[in-house]
Amino acid sequence: MNIKNICCIGAGYVGGPTMAVIAKQCPNIKVTIVDINEARIAAWNSVNFDDLPVFEPGLADIVKETRGKNLFFSTDVDKAIDEAEMIFISVNTPTKTYGKGKGMAADLKYIELCARQIAKVAKQNKIVVEKSTLPVRTASAIKSILDETGNGVQFQILSNPEFLAEGTAVQDLLMPDRVLIGGDTSTKEGEIAVQSLVNIYSEWIPKKQILTTNVWSSELSKLTANAFLAQRVSSINAMSEICEKTGADVREVSKAIGMDSRIGSKFLNASVGFGGSCFQKDILNLVYIAKSYGLNEVADYWEQVIIMNEHQKNRFSDNIVSTLYNTVSGKKITFLGWAFKKDTNDTRESSAIKIADNLLSEQAKISVYDPKVTPSQIYSDIDYLGTRAYEDNKALLTVSKDAYEACNESHAIAILTEWDEFKNYDWNRIYKNMQKPAFIFDGRGILDKNTIESIGFTYYKIGSGN
Ligand code: UDX
Ligand code: UDX
Ligand code: ADP
């Protein structure tokens, strides 16, 4: 089947970039991205391409090239569903915050609402594609809603998980390691649905990199990939603490083990802990699934990845407090970076949030500078934790537009995100304007120890022993 019209429900970090790239690579397909969030759609339609709601290198150019030609952003969800032959569901699936599975299971209410809406609107056969990361066997739930509440039309469900990482979304979409498509390959209709999605990706991706599996393998592979990646970070972070105690250097250890082709060199950077919208959520979800099948050892194994990650954040803030003579009360601590990693404005689950919260509880004054994150986002992240009153957060935490200003008069600097610009700062100038002794806590290990120490700083580098 030759798809001519695609709809994507959800104009977020996944839906926006993914559909923009499909529109660019398939000029003959009309792609409409819909969202119930009017402000978000307005931002995607903004005249100024710097104001798009998702910042990704290269994305604005693609939107500029395709928007209004074959890429459209709209709040008219019903119309887009009605017109499309293929519908991607790319809505958020946060961890449940209530009821059974609270704090662990994925909340599928947005997915279910989408399925019900598709069922209500669809007057022709549709292919429905799960793009959001979902627990194994969600496809069967979607299918039963579609079949039982629909107008008697046929639905095919595909799983097509997205592996893009933020900050490199466009590159990852243009040149993915692989594309994974799960479908019902036991029926002819299922086979046709799978092939029609394979055809779309084949426009720019070599066939041998497009894997087709059954739906359950596809759903589980996405959770597995994220669990493995997060596990690598927790493993190297666990080693970073041993390095600090023993006098080893975690970067040397990473390099040494990474050259073993069985281990590989990527994803071995020690840090203040992983963040982002996926890792924690997906592992908690995996743990929940394992427990629900009574697989307690499996659940415990993966849960440890999260426990280690929490520990890495807490020990970073504990170390700041103990190094600053066991009190940070009334002291100014500057945060360089708030995003969960460089080259993104996304702050979801960013370690900076938890570390700030810990230090605020010790009555520190925090001054934040991040090149891409807005002040309102920073305040909403810290308020969301509900640890203290909104007014207290406002009084203790300030946000600067300028890194040098953020560092003025401060007792210590904590580097939480590995933004490239931090490496090129005039550290002499920063040192001069700080309280003495001036401390740097480099949670990303990006500065050069000798250079920084020769200026006069007391320098802590994550994973580096004395
Ligand atoms: C290992 C290390 O590979 C080697 O670098 C180190 O110097 C010594 O320890 P070895 O014990 O000889 O070498 O065997 P290896 O091939 O690593 O296998 C170890 C065990 O893991 C075996 O029981 C093997 O069957 C098992 N294994 C390995 C798996 O079950 N699955 C795998 O994918 C790989
Ligand atoms: C991740 C997966 O990489 C991607 O395939 C999936 O589709 C979504 O989840 P993302 O969350 O965008 O992508 O970022 P990623 O680059 O994986 O980083 C996640 C977190 O791990 C960040 O906080 C990052 O700083 C941290 N990290 C990563 C480390 O601390 N050390 C590393 O070596 C790698
Ligand atoms: P992700 O990182 O998975 O892309 P986001 O939170 O960035 O997640 O984006 C998900 C988007 O889905 C949000 O903009 C949200 O408004 C939208 N959304 C959620 N439920 C619906 C729905 N029923 N119909 C349309 N859009 C929805």
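What follows is calculated from the coordinates using simple rules that are stated; it is not laboratory data. Everything numeric in this text was worked out from a predicted model, so none of it was measured. Cβ: placed from backbone, ideal geometry, glycine included. Neighbour counts: every protein chain shown.
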*Could you name the lysines whose alpha carbon sits less than 16 Å from that of K109, not counting residues in the same chain fewer than 8 places away?*
K96, K100, K131, K143, K281
*When a footprinting reagent is the concern and you count Cβ atoms within 10 Å, what order do I118, I257 take, fewest first?*
I257, I118
*asked:* Run the reach check for K342 against lysines, Cα to Cα strictly under 19 Å, same-chain hits fewer than 8 apart removed. What comes back?
replied: K266, K313, K354, K372, K401, K423, K461
*Could you state the angle between the C-alpha long axis of helix 109-121 and the longest principal axis of the C-alpha atoms of the chain, as a value from 0 to 90 degrees rounded to the nearest 10?*
20 degrees
*So, by mean Cβ neighbours within 10 angstrom, what's the order for 371-381, 306-316, 289-299 with the highest one leading?*
306-316, 371-381, 289-299
*Measure nothing fancy, just the Cα-based angle from helix 296-323's long axis to the longest principal axis of the chain, in degrees from 0 to 90, nearest 10.*
30 degrees
*Histogram of C-alpha separations across the stretch 66-110, 5 Å bin width, %*: 5, 17, 17, 17, 12, 10, 13, 6, 3, 0
_What number results when the radius of gyration of the stretch 214-279, computed over Cα atoms, is divided by 2.2 N^0.38 Å?_
1.30
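Based on the alpha carbons, how large is the Rg to Rh ratio for the chain when Rh follows Kirkwood?
Numbers: Rg = 23.7 Å, Rh = 23.8 Å.
We get a ratio of 1.00 for the chain.
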*Cα-based shape type of the stretch 175-313, given that a ≥ b ≥ c are square roots of the gyration tensor eigenvalues and the cut on a/c is 1.5*: oblate
*Can you grab the distance from the C-alpha centre of the stretch 417-458 to the C-alpha centre of the stretch 164-211, Å, no decimals?*
45 Å
*Rg in Å to one decimal, and Dmax rounded to a whole Å, for the stretch 5-213 via C-alpha atoms*: 16.4, 48
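Seen from all sides and averaged, what is the projected area of the convex hull of the Cα atoms in the stretch 110-165, in nm²? It would help to have the intermediate numbers written out before the result.
On the way: hull surface 15.4 nm².
Mean shadow area of the hull around the Cα atoms is 3.9 nm².
Just the ratio, please: alpha-carbon radius of gyration of the stretch 114-243 over 2.2 N^0.38 Å, N its number of residues. All intermediate terms of the calculation are to be shown ahead of the outcome.
On the way: Rg = 17.3 Å, N = 130, 2.2 N^0.38 = 14.0 Å.
Working it through for the stretch 114-243, the quotient is 1.24.
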_Kirkwood hydrodynamic radius over Cα pairs of the stretch 307-461, then Stokes diffusion coefficient at 4 °C and 1.567 mPa s, in µm²/s_ = 85 µm²/s
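Report relative contact order for the chain in percent, whole number only (criteria: Cα-Cα under 8 Å, sequence separation at least 6).
12 percent
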_Principal-axis tilt of helix 375-384 within the chain, Cα atoms, nearest 10 degrees_ = 90 degrees
_Peptides ranked, highest mean first, by Cβ atoms within 10 Å: ranges 410-422, 322-334_ = 410-422, 322-334
*Note down the magnitude of the dipole of the stretch 5-213 about its Cα centre, charges +1 on Lys and Arg C-beta and -1 on Asp and Glu C-beta and zero elsewhere, to the nearest 20 debye.*
400 debye
*Over the stretch 139-208: Rg over Rh, Cα atoms, Kirkwood Rh*: 1.06
*For the stretch 309-369, list log₁₀ I(q)/I(0) at each q in 0.21, 0.28 Å⁻¹, using the Debye formula over Cα point scatterers of equal strength and ignoring solvent, two decimals each.*
-0.81, -1.23
